[in-house]
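Bear in mind that the values in this text are calculations on the coordinates, not laboratory data. Note that the coordinates shown come from a computational prediction; the quantities given were computed from them, not determined experimentally. All Cβ positions, glycine included, derive from the backbone under ideal geometry; neighbour counts span all protein chains shown.
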Amino acid sequence: MLELLWVGFGGFVGAISRFVLSNWVQDQHGGDFPVGTLAVNSLGCFALGLLMASLDRGWLGPQARYLLGVGVLGALTTFSTFSWDTLDLMRSGSTGLALVNVLGNVVIGLAAVSVGCWLGRSL
């Protein structure tokens, strides 16, 4: 139960951080390209890599995984989790599965968004 509180609090912080940071970066750079999203996803990927390495080295306790990894970074960007999963597959020698993960997430994600948009406009 305590883990849920760590995740929930971290999620609250991460979601607000995503909103503020992505909007601020987008406002600074303008244009049509979603540079705010790119910045948040890149930052989240870097932070998750740093966190996982710190956990592996024993520098942080297991609560940090719930609060920071699942909560803050999970709400900041799920792209960081996707990137970590892909890297983990590659490091374990499962390059084929890593490629399936990349293609699956991108292709299925785009298809799901397209179908959701179509359905939303059809109703």
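With the charge dipole of segment 1-107 set up from +1 on Lys and Arg Cβ and -1 on Asp and Glu Cβ about the Cα centre, the Cα lying farthest toward the positive end among the listed residues LEU43, LEU103, TRP59 is that of TRP59.
LEU2 to PHE33: extension gain in nm, 0.36 nm per residue of separation minus the Cα-Cα distance? Can you show the working numbers first?
On the way: separation 31, 0.36 × 31 = 11.16 nm, distance 4.00 nm.
This chain segment gains 7.2 nm when fully extended.
On the beta carbon distance between ASP88 and VAL115, with R0 = 22 Å, the FRET formula returns roughly 0.15. Loop-resident chymotrypsin sites (Phe, Trp or Tyr not before Pro) (DSSP state other than H, G, I, E or B) in segment 55-84 with no more than 14 further Cβ atoms inside 10 Å of their Cβ: TRP59. Comparing ALA98, ALA53, ALA112 in a Gaussian network model of the chain, where Cα atoms under 10 Å apart are tied by springs, the biggest mean-square fluctuation is seen for ALA112. In terms of the mean number of neighbouring beta-carbon atoms within 10 Å, the peptides 99-107, 44-52 order highest first as 44-52, 99-107.
When the gyration tensor of the chain is built from Cα positions, what are the square roots of 5 times its three eigenvalues, in whole Å, from largest to smallest? Before the final figure, lay out the partial values.
Numbers: eigenvalues 134, 88, 50 Å².
Whole-Å semi-axes of the equivalent ellipsoid: 26, 21, 16.
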